[in-house]
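The values are calculated or read from the model by the stated rules, or taken from the named source; none is laboratory data. Keep in mind that what you see is a predicted model, and the values were worked out from it rather than measured. Ideal geometry is used to build each Cβ from the backbone, glycine not excepted, and the neighbour counts take in all protein chains shown. Heavy atoms of the whole protein, side chains included, go into the accessibility calculation; ligands, DNA and RNA do not. Shrake-Rupley method; radii C 1.70, N 1.55, O 1.52, S 1.80 Å.
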Amino acid sequence: MKQVRKQYLVSLGLSVLIAMLLGAALMLLTGHNPIEAYGIMFSGALGSMTDLGDTLYKSTQLAITGLATAVASQSGIFNVGGEGQMYLGALASAWLGALLKGTSPWLAIPACLCIAGLAGALWALIPALLKVKLKINEVITTILMNTIALKFCSYMSNGPLKTTERGINQGTQSISKAFRFASIDLFSGSNLTTAVVLIVFIILLVWYMMNRTTTGFEMKLTGQNESFARFSGLSAARLAVLGMLISGAMCGLLGMFETFGVQRRFRMDFSSEFYFDGMLVAMIMQYKPLGIVLMSFFFGILMTGGQRMQYIGVSSELVEIIQSFIIFLMAAESGLLGKVSRALTGGAAKKQEVKT
Amino acid sequence: MDLGAIFNLSTLMNTINTATIVVLAGLGCLMTDQAGMMCIGIDGMMTAGAFAAVIGSWLCSSWIMGLVFALAVGLLLGGFYGLFVIRYKSDEFIIGVALNIFAVAITTFLLRSIPGQSGSFHPATGAVVKLPSFSIAGSNVSIMVPLSWLLVALTWLLVYRTPLGFWLHASGEHPESLRSVGRSPERMKYLGSLACGLFCGLSGAYLSLGYLSTFTENMSASQGYVAVACVIFGRSNPVYVFLAALLFGFIDAAGQRMQGIVDPTLTATFPYIGTILMMVILAVRYTAMKKKRA
């Protein structure tokens, strides 16, 4: 078991390295200096407290979306619809936030948290029920429902819920100061707000649920071997619905954190496909919670620093290219890198296999 | 509401135009589905094809080269998908989704690497040559439209009336029996994924060079997923997939006609809602049929 994990880590390291080299090759091809660009990337992500704050902000975002993917996948259902669930959570909370203006934050914030989670969960419930009851492929339905949710939010935020404030031409009414997540002094100037406390709390809660509770154990069994789980009397359908509800609620909550934190109102452009970035991290780490959190920090660095590379003309899409390269390399692990990593971790693996 | 305003010639033309994108991509997806490895990555293949078509047409000032570029990129990505799924036995779904994200990222990256271009490709007017079109009753029809109909018929013949189609299907359903008659299921699966790439290249070329002559970031707008839904709905039969795509195109076009009454952002959701409803109706009927039999 240990040997397998070691091998996995080695091939992960190799994949990251190769993917970054491929990224460098791509930069050379388009006439940029990769050493300079990667230098800017890392200093832009870790160079100052503000940069570090932005990196942490991005990392927590990746971790929560990655875990949202993992919770669903481990329950045997794939949630590609997190983006839509997040938008609906953001819009619902922005609407309620504006409605409750003037009331106590002790009432308003919990209410907005609830409605955001609920909006995300209910939107996720539809594809979950379609999958469980009618066996309709959830990948297709969740993707299509992303488009529906985004168009709906665009309509609402440009129509019925459009702000009436002067000088603001997009988004809903602003969230009143008393409700906002404040920025943190230590990381002043960055996007990190006090919402990070809630995000970390959710991450810990999900980690606990996945690793320390019966439901989490059942999820693991179903995720690994559906027919075994079925024979041992677990209801795959119940788990799938539950996993999807949790996943959707997490996405909806993230939408609210963005709206009440960085954005201060619902804006149509608040996310640049956050969810898909987190989903890639989860896929790379094979839906393992701890791995997702650690990898999120690494990709947080890449993505925050990647924004800086635009100053020298390297498009930040490079980071997504590197991410998908890593997935391809890891997915082909058995064939492409398996031999190398087995050799690197010593031929002992083979002998052990024979013995046991 | 005047129904005549919705069902007129321009709605018909819009229906056909939108459907053609989905039909071509759907035929591609169908080829992989027949081989038992349904490709979700067609959305990415379309995006890459659309980009390649514009670049080819721009570099060589010829639509033929645009088409050649799109087909080449399609073939490359189809082979790539096949390599990972068949040779390295990767999860089809993960590779498909990663392929989609990769295609959007790399086309955006390359687009922004061309000086002065971002968001969409906008060189001097006339620098990008469109696919040829002809005129029927006053409206332009791209040659890709009749070509796609021809391809539907040819694919149907291939799948149901040739040994090749039989082997393709067998490579997914009964690979061992195929092997026992001396045919390699792997080779058939590769054939399926390469054909998928070619069809998606055509779809992409039509997307960017059919009526427009430009590429915009994330151009396919999830229409690849709609095509996958049509393949599921049409149970991998080219003719049914074609009809499903037409239905999708019609909902899209009818929605556009209703923009005077309903907000255009809302009407844009109709085809997606329609696609999901289509899948629900099919699934309900299917389960009802199963119950009857049992």
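Looking at (1) within 14 Å of chain B (Cβ to nearest Cβ); (2) open to solvent by 40 Å² or more (accessible area, probe 1.4 Å), can you tell me which one A:Thr141 breaks?
(2)
Conditions (1) modelled with pLDDT of 85 or more; (2) closer than 25 Å to A:Gly248 by Cα; (3) touching a Phe, Trp or Tyr at 6+ places or on another chain (Cβ under 8 Å), marked per residue:
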residue: A:Lys133; (1), (2), (3): yes, yes, no
residue: A:Cys153; (1), (2), (3): yes, yes, yes
residue: A:Asn169; (1), (2), (3): no, no, no
residue: A:Gln173; (1), (2), (3): yes, yes, no
residue: A:Val196; (1), (2), (3): yes, yes, yes
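If we only count helices (runs of 4 or more DSSP H) wholly inside region A:1-98, which ones have 3 or more residues that are surrounded by fewer than 18 Cβ atoms within 10 Å (Cβ to Cβ) and at pLDDT below 95? So that I can check it myself, show each step before the final result.
On the way: elements: A:2-29, A:34-46, A:49-74.
Answer list for region A:1-98: A:2-29, A:34-46.
Please go through region B:242-257 and give me each residue that is away from chain A (no Cβ under 14 Å) and either open to solvent by less than 40 Å² (accessible area, probe 1.4 Å) or touching an Asp or Glu at 6+ places or on another chain (Cβ under 7 Å) (or both), ordered by number. Show your work before the answer.
First pass over region B:242-257, keeping only residues away from chain A (no Cβ under 14 Å): B:242-243, B:245-247, B:249-250, B:253-254, B:257.
Within region B:242-257, B:Ala245, B:Gly249, B:Ala253, B:Ala254 qualify.
Being part of a strand (DSSP E or B) and either within 14 Å of chain A (Cβ to nearest Cβ) or in contact (Cβ under 8 Å) with a residue 60 or more places away in the chain (or both) is the filter here; which residues of region B:134-158 pass it?
Once the filter is applied, which keeps residues that are part of a strand (DSSP E or B) and either within 14 Å of chain A (Cβ to nearest Cβ) or in contact (Cβ under 8 Å) with a residue 60 or more places away in the chain (or both), region B:134-158 yields B:Ser139, B:Asn140, B:Val141, B:Ser142.
Report yes if some residue within region B:180-192 is open to solvent by less than 60 Å² (accessible area, probe 1.4 Å) and either in contact with a Pro (Cβ under 8 Å, 6 or more places away or on another chain) or assigned to a loop (DSSP other than H, G, I, E, B) (or both); otherwise report no. Don't jump to the end; show me each part of the working.
Kept after step one, since they are open to solvent by less than 60 Å² (accessible area, probe 1.4 Å), are these residues of region B:180-192: B:184-185, B:188-189, B:192.
Restricting the remaining residues to those that are either in contact with a Pro (Cβ under 8 Å, 6 or more places away or on another chain) or assigned to a loop (DSSP other than H, G, I, E, B) (or both) gives B:184-185.
Within region B:180-192, one or more residues are open to solvent by less than 60 Å² (accessible area, probe 1.4 Å) and either in contact with a Pro (Cβ under 8 Å, 6 or more places away or on another chain) or assigned to a loop (DSSP other than H, G, I, E, B) (or both).
Quick one: how many residues across region A:99-132 are open to solvent by 40 Å² or more (accessible area, probe 1.4 Å) and not in a helix (DSSP H, G or I)?
Qualifying residue count for the region: 4.
For region B:92-118: of the residues being out of contact with any Leu (no Cβ under 8 Å at 6 or more places or on another chain) and in a loop (DSSP other than H, G, I, E, B), which is farthest from the other protein chains (Cβ to nearest Cβ)?
Out of the qualifying residues, it is B:Gly116.
If A:Ala24 satisfies all but one of (1) in contact (Cβ under 8 Å) with a residue 60 or more places away in the chain; (2) touching a helix residue (DSSP H, G or I) at 6+ places or on another chain (Cβ under 8 Å), what's the number of the condition it fails?
Going through the list (1) in contact (Cβ under 8 Å) with a residue 60 or more places away in the chain; (2) touching a helix residue (DSSP H, G or I) at 6+ places or on another chain (Cβ under 8 Å), A:Ala24 breaks only (1).
Identify all residues within region A:231-249 that are closer than 28 Å to A:Phe179 by Cα and open to solvent by 10 Å² or more (accessible area, probe 1.4 Å); write none if there are none.
Just the residues of region A:231-249 that are closer than 28 Å to A:Phe179 by Cα, to begin with: A:245-249.
Selection gives A:Leu245, A:Ile246, A:Ala249.
Taking helices (runs of 4 or more DSSP H) that fall entirely within region B:1-89, which contain at least 2 residues that are touching a residue at least 60 places away in the same chain (Cβ under 8 Å) and touching a Gly at 6+ places or on another chain (Cβ under 9 Å)?
Working: elements: B:3-6, B:9-34, B:42-60, B:63-82.
Helices (runs of 4 or more DSSP H) meeting the threshold: B:9-34, B:42-60, B:63-82.
Among the residues of region A:179-217, what is the count of those that are in contact with a Lys or Arg (Cβ under 9 Å, 6 or more places away or on another chain) and either part of a helix (DSSP H, G or I) or of a type in the set (A, V, I, L, M, F, W, C) (or both)?
3
Could you tell me which residue of region B:262-294 is farthest from the chain's Cα centre (by Cα), considering only residues that are closer than 18 Å to B:Ser10 by Cβ and either away from chain A (no Cβ under 14 Å) or crowded, with 18+ Cβ neighbours inside 10 Å (or both)?
B:Thr267
Look through B:Thr125, B:Thr107 and report the one residue that is closer than 20 Å to B:Ala221 by Cα and either modelled with pLDDT of 85 or more or surrounded by fewer than 21 Cβ atoms within 10 Å (Cβ to Cβ) (or both).
On inspection, the qualifying residue turns out to be B:Thr107.
Take region B:70-83 and flag every residue that is open to solvent by less than 10 Å² (accessible area, probe 1.4 Å) and farther than 20 Å from B:Ala205 by Cα. Steps first, please.
Taking region B:70-83 as the starting set, the residues that turn out to be open to solvent by less than 10 Å² (accessible area, probe 1.4 Å) are B:70, B:74, B:78, B:81-82.
Of everything in region B:70-83, just one residue is open to solvent by less than 10 Å² (accessible area, probe 1.4 Å) and farther than 20 Å from B:Ala205 by Cα, namely B:Gly82.
Of all residues in region A:150-207, count the ones that are within 14 Å of chain B (Cβ to nearest Cβ), touching a strand residue (DSSP E or B) at 6+ places or on another chain (Cβ under 6 Å) and either of a type outside the set (A, V, I, L, M, F, W, C) or buried (at least 19 other Cβ atoms within 10 Å of the Cβ) (or both).
Step one: list which residues in region A:150-207 are within 14 Å of chain B (Cβ to nearest Cβ), which gives A:150-162, A:170.
With touching a strand residue (DSSP E or B) at 6+ places or on another chain (Cβ under 6 Å) added as a condition, the list becomes A:157, A:161.
From what's left, either of a type outside the set (A, V, I, L, M, F, W, C) or buried (at least 19 other Cβ atoms within 10 Å of the Cβ) (or both): A:157.
Result for region A:150-207: 1.
Pairs needed: first member in region B:211-222, over 16 Å from A:Ile143 (Cα atoms) and more than 9 Å from every other protein chain (Cβ to nearest Cβ); second member anywhere, open to solvent by 50 Å² or more (accessible area, probe 1.4 Å) and in a loop (DSSP other than H, G, I, E, B); C-beta distance under 8 Å; at least 6 residues apart or different chains.
B:Tyr211/B:Lys130; B:Leu212/B:Lys130; B:Ser213/B:Lys130; B:Thr214/B:His122
From the list B:Leu75, B:Leu83, pick out the single residue that is under 30 Å from A:Leu329 (Cβ atoms), modelled with pLDDT of 90 or more and within 14 Å of chain A (Cβ to nearest Cβ). Step through it out loud before you land on a result.
Values: B:Leu75 fails: within 14 Å of chain A (Cβ to nearest Cβ).
The unique qualifying residue is B:Leu83.
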